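Asks: Sending over a structure as structure tokens; questions will come in a sec.
Bear in mind that the values in this text are calculations on the coordinates, not laboratory data. Remember, it's a predicted structure, so these values are computed and weren't measured experimentally. In this analysis, Cβ positions are derived from the backbone assuming ideal geometry, glycine residues included, and neighbour counts consider all displayed protein chains.
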Amino acid sequence: MSIDTIEAKIGSLAPDFKLLATNGQEISLTDFRGGKNIIVFFIRETSCPQCRTHVAHLGRMYDQFREAGTEVIVILGESMDKAKEYADSIGLPFPILCDPDREIYHLYELEKYFLLFQRTASLVVDKDGVVRYLKRTTVPNVWLQESRELLGFILSLEEGQPVV
């Protein structure tokens, strides 16, 4: 049975991508395969206060995520200049990846809802590249408790009992 798919869903192989990060590196999702779990968060817009709060929480909890064998990737659908400004204003310990044409947003089915509201998502991709957690939304209020939920999920993965 093959779990390869271009659609991101729980239990499927996460669609790969390669993007330029604010630190100048090109980062691919497959760079982490076989080594670490990955949290991937798609920022709705730089003006979204809930997304900013969530990204700041991910930054503050970064050491805990790393201790649990997990890296964090944040994707922003704006220019590199805006991404650097955003990352610097929050003081993040991880780079933000730029997707100015929102190609990766589309790959992960995060088109604008009614052409107005940018959809956002939070994923956990395990060490084998399989999506284990996926939450898509147009209402960013869900991100206000998300960081702790993600850490609990990551820890359950490490214990071999993922909560789905």
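Asks: Set the Förster radius R0 to 35 Å, insert the Cβ-Cβ distance between Asp101 and Gln64 as r into 1/(1 + (r/R0)^6), and round the FRET efficiency to 0.05.
Replies: Efficiency, from the Cβ-Cβ distance: 0.60.
Asks: Now for a separate question. Using θ = phi - 60° and the Karplus curve 6.51 cos²θ - 1.76 cosθ + 1.60, what whole-Hz ³J(HN,Hα) does each residue of region 70-82 get, with Gly and Pro shown as x?
Replies: 10, 9, 10, 10, 10, 10, 10, x, 9, 5, 4, 4, 5
Asks: Taking the number of other C-beta atoms within 10 Å as the exposure measure, put Arg33, Arg66 in order starting with the fewest.
Replies: Listing Arg33, Arg66 from fewest to most nearby Cβ atoms yields Arg66, Arg33.
Asks: Would you list which lysines come within 27 Å of Lys127, measuring only between C-alpha atoms, while excluding same-chain residues fewer than 8 positions from it?
Replies: List returned: Lys9, Lys18, Lys36, Lys135.
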